[in-house]
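The values are calculated or read from the model by the stated rules, or taken from the named source; none is laboratory data. Note that the coordinates shown come from a computational prediction; the quantities given were computed from them, not determined experimentally. When we count neighbours, we look across all protein chains shown, and the Cβ atoms used for this are built from the backbone with ideal geometry, even at glycine.
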Amino acid sequence: MAKKKHYEIEWSDETFSFQKARISDAKVVGAQIAEIANAYPVEDFAILRHLKSGDLETIRPTELVDLEDPGIVRFFVVKGPSNNRFSVEGRAMEWPQALLAAKHIKFLAYAQDDQILVLDTDDGEVEFEDDALVDLSPPTVERFKLRKMKKTVTVYYKETAYEIERRKWTTEELLAAFSVPAGYKLDQISGDGEFHELKPGELVKVRDGMEFSSHPPVGQSS
């Protein structure tokens, strides 16, 4: 008697920590995939298939899925109230939670290591570092692009622009790059104008538009 064939699928939840599961049927419904992920009740979860094209599509619980379809790469079972629609370089995607890390969007779009996620806005392009959380919630359908990552970024020290290598810099390296007076402390200025004094040896991943300043040690006038 011939041994019954099994089909292996790869699936994950919102953590992108993939697991493999074996299924004996070539065709299953969405609810069976949700069952593998212990997703109960199924109506509280989105079942998604990730295609070789990069598209990410919703599967209804009663929808039939052919596991022999070579276009399907993996599945996601994610808890969330509703799907937020967006696209990356024309690839249509949906995600049931409002926030998704840029690195995960790049993964879904099969981005290259030297590409960065970019959103076109009325105020110009916005770049997202890999660890940034991207808001996908309505009212608009976000359309993202992938750009080749520049090897340098432009940062500002006391309103003077410096073009420096895109990487993690130590406090001491930045002090030297900005020619900060000896003994002065370096500050990173946040988007809301708050000053954060960088500690000795602290690592800073620089990005375009970052602002820095400096101040003399406590008790010493400038």
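At a glance:
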{"item": "Qualifying residue in region 79-93 (condition: more than 30 Å from Pro41 (Cα to Cα), of a type in the set (D, E, K, R) and not assigned by TED's automatic domain parsing to the domain that holds Val65)", "result": "yes"}
{"item": "Qualifying residue in region 7-24 (condition: among the aliphatic types (A, V, I, L, M), more than 10 Å from Phe75 (Cβ to Cβ) and in a loop (DSSP other than H, G, I, E, B))", "result": "no"}
{"item": "Residues satisfying the stated conditions in region 210-222, i.e. assigned to a strand (DSSP E or B) and within 25 Å of the chain's Cα centre (by Cα)", "result": "Glu211"}
{"item": "Lone qualifier among Ile116, Ile105 - being touching a Phe, Trp or Tyr at 6+ places or on another chain (Cβ under 8 Å) and part of a helix (DSSP H, G or I)", "result": "Ile105"}
{"item": "Only one of Lys199, Lys145 that is of a type in the set (D, E, K, R), in a loop (DSSP other than H, G, I, E, B) and in contact (Cβ under 8 Å) with a residue 24 or more places away in the chain", "result": "Lys199"}
{"item": "Hits in region 1-12 (condition: in contact (Cβ under 8 Å) with a residue 12 or more places away in the chain and either touching a Lys or Arg at 6+ places or on another chain (Cβ under 6 Å) or over 20 Å from Gly71 (Cα atoms) (or both))", "result": "Lys4, His6, Glu8, Glu10"}
{"item": "Val29 vs. criteria in contact with a Phe, Trp or Tyr (Cβ under 8 Å, 6 or more places away or on another chain), surrounded by 13 or more Cβ atoms within 10 Å (Cβ to Cβ), at pLDDT 95 or above and among the β-branched types (Val, Ile, Thr)", "result": "no"}
{"item": "Residue check, Glu197 at pLDDT 90 or above and on the phi < 0 side of the Ramachandran plot", "result": "yes"}
{"item": "Among the candidates Ile116, Ile105, residue that is farther than 30 Å from Pro41 by Cβ, buried (at least 19 other Cβ atoms within 10 Å of the Cβ) and under 13 Å from the mean Cα position of the chain (by Cα)", "result": "Ile116"}
{"item": "Positions within region 159-172 being at pLDDT 95 or above and under 14 Å from Ser214 (Cβ atoms), in sequence order", "result": "Thr160, Tyr162, Thr171, Glu172"}
{"item": "Asp122 being assigned by TED's automatic domain parsing to the domain that holds Trp11 and of a type in the set (Asp, Glu)", "result": "no"}
{"item": "Condition met for Lys150 (assigned to a strand (DSSP E or B) and either within 20 Å of the chain's Cα centre (by Cα) or closer than 30 Å to Ala31 by Cα (or both))", "result": "no"}
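Here's the yes/no breakdown for (1) touching a helix residue (DSSP H, G or I) at 6+ places or on another chain (Cβ under 8 Å); (2) closer than 18 Å to Glu10 by Cα; (3) modelled with pLDDT of 95 or more:
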{"position": "Arg49", "(1), (2), (3)": "no, yes, yes"}
{"position": "Lys52", "(1), (2), (3)": "no, yes, yes"}
{"position": "Leu56", "(1), (2), (3)": "yes, yes, yes"}
{"position": "Ile59", "(1), (2), (3)": "yes, yes, yes"}
{"position": "Glu63", "(1), (2), (3)": "yes, no, yes"}
{"position": "Pro70", "(1), (2), (3)": "no, yes, no"}
{"position": "Phe76", "(1), (2), (3)": "no, yes, yes"}
{"position": "Asn83", "(1), (2), (3)": "no, no, no"}
{"position": "Glu89", "(1), (2), (3)": "no, no, yes"}
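Rundown of residues vs (1) touching an Asp or Glu at 6+ places or on another chain (Cβ under 7 Å); (2) surrounded by 11 or more Cβ atoms within 10 Å (Cβ to Cβ); (3) assigned by TED's automatic domain parsing to the domain that holds Ala102; (4) in a loop (DSSP other than H, G, I, E, B), yes/no style:
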residue: Tyr156; (1), (2), (3), (4): yes, yes, no, no
residue: Ala161; (1), (2), (3), (4): no, no, no, no
residue: Glu173; (1), (2), (3), (4): no, yes, no, no
residue: Gly183; (1), (2), (3), (4): no, no, no, yes
residue: Gln188; (1), (2), (3), (4): no, yes, no, no
residue: Asp192; (1), (2), (3), (4): no, no, no, yes
residue: Asp208; (1), (2), (3), (4): yes, yes, no, yes
